[in-house]
Amino acid sequence: MLKTMFGILKIRVLNLFRISDFGFRISPSSVSRNTCGFTLLELLIAILIFAVIVSAVYSTLYSGIKVWNEGDAQTRFPESSQMALNRMTKDIRNVARFSEIKFEGEKDSISMPVIKDVYQDKNLISRIYKVMYYLDDEKIIRDAQTYPESLTGQARKQELVPDVHELVFSYCNSEKEWKDSWKEDSLPYAVKLSIKSKEDDVIEAITEIPIFDTDIKEGTK
């Protein structure tokens, strides 16, 4: 089909030369002798048509891929954000008093002592961790350190959610007043979490903190 198209295009170009004002004519015999070849002008026209077709196809494919990527990103953000909220909620619910690791809350980060049950020599024991959440290079980072690791500054960073525009924490005291930071020795009554994407999608959660009257002692380190 493409060969036929080029043949028709060739004949039309030759006819154009025959009736043009350039001062020359092409005889039918010469047309017959050259039907198997291409002139430079024909090649240039064919290349131009091919370039236009490729450009149109590429533009269509690029637009489709861009729309798909945007839709996929909008779908992934709620899923990954919800998983991160569930992780943070679980850690907040396991916060306990520990004199060596203080609960510290800022508007864009949180650091807290968290109890976790782990197996050691086939026995289930409780250990204390220093867990931190913060935003770094538009990514939500979770850093969970055992108490000995927290003394040496050894980090265990884990990326939870990419492409985050804003991570906000708020802290509620016993009078049900919300604050942007927490510097008190006591634990807050609840923590509010808010994750905002670059597309201004927002996911929020409020988690109450169980109050433990007994401080964790040295045996759980």
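Values quoted throughout were computed directly from the atomic coordinates according to the rules given, and no laboratory measurement underlies them. This structure is a prediction, so every number in the text was calculated from the model and none was measured. In this analysis, Cβ positions are derived from the backbone assuming ideal geometry, glycine residues included, and neighbour counts consider all displayed protein chains.
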**OP:** Please give the contour-minus-distance gain from Leu124 to Val54: 0.36 nm per residue of separation, less the Cα-Cα distance, rounded to one decimal in nm.
**Re:** 18.8 nm
Subject >> FRET efficiency for Val202 and Thr89, using Cβ-Cβ distance with R0 set to 25 Å, rounded to 0.05 >> reply: 0.95
Subject >> Convex hull per residue volume in Å³, alpha carbons only, for the range 76-220 >> reply: 116
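Within the set Lys130/Lys157; Lys90/Lys122; Lys107/Lys139, which residue pairs have Cα atoms separated by over 22 Å?
Too far apart for the 22 Å limit: Lys90/Lys122.
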Subject >> Theoretical FRET efficiency, 1/(1+(r/R0)^6), r = Cβ-Cβ of Lys107 and Leu43, R0 41 Å, to 0.05 >> reply: 0.05
